[in-house]
1. Might you let me know whether the stretch 115-130 holds any residue that is surrounded by fewer than 21 Cβ atoms within 10 Å (Cβ to Cβ), farther than 16 Å from residue 30 by Cα and at pLDDT 95 or above?
2. Across the stretch 23-42, which residue is surrounded by the most Cβ atoms within 10 Å (Cβ to Cβ) among those that are in a helix (DSSP H, G or I) and without any contact (Cβ under 8 Å) to a residue 24 or more places away in the chain?
3. Quick one: how many residues across the stretch 161-185 are crowded, with 20+ Cβ neighbours inside 10 Å, touching a residue at least 24 places away in the same chain (Cβ under 8 Å) and part of a helix (DSSP H, G or I)?
4. Among residues belonging to the stretch 65-114 that are surrounded by 14 or more Cβ atoms within 10 Å (Cβ to Cβ) and in a loop (DSSP other than H, G, I, E, B), point out the one that is modelled with the lowest pLDDT.
5. Taking the residues in the stretch 43-64 that are surrounded by fewer than 18 Cβ atoms within 10 Å (Cβ to Cβ) and outside any helix (DSSP H, G or I) as candidates, determine which candidate is modelled with the highest pLDDT.
């Protein structure tokens, strides 16, 4: 069993394997902090995604590289949003997505999917099954990251969908550690949604009583 999983790394440099493990650990920590609505979600996520951008560039996995590059950028934006306060009150508390944000989410999905398709066509990368799945997952994750930066509870729904698809996707690419990471991500995302829902309900109840 061990040989089956780790045989995928036989042609990888030890340095890259260590980097992937570090990125996985920090990625899991980032999702855990997101579950706790803790600002540390962003610095841990930025380091993890920075490492992945390097590794995925090296392995010519362009779609995944763009996802992580976007994560890094949105982490900077999310860090800014989460720390903004107005009259001592957090400007972006946990909330429900608005109709305008639903439309924006759809536009993000369409644009990112089209962009990834264009990149894969340009580099002639539509030669494996996971190249097609990448186009879908990229759009899903782009929405999830944008909604998390805005502190919208629905971000967890998109993370769960994307994580479930990514488990076999990354295993098929030969990245066992990353595939396992998405198993953990899925579990934490479910609990994250429940925890944010509880916080949202409490704040709404407090507003009613006020």
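The values are calculated or read from the model by the stated rules, or taken from the named source; none is laboratory data. Only a predicted model underlies this, so the values are computations on that prediction, with no experimental measurement involved. Every residue, glycine among them, receives a Cβ derived from its backbone with ideal geometry; neighbour counts consider all protein chains shown.
1. Within the stretch 115-130, none of the residues are surrounded by fewer than 21 Cβ atoms within 10 Å (Cβ to Cβ), farther than 16 Å from residue 30 by Cα and at pLDDT 95 or above.
2. 30
3. 7
4. 92
5. 59
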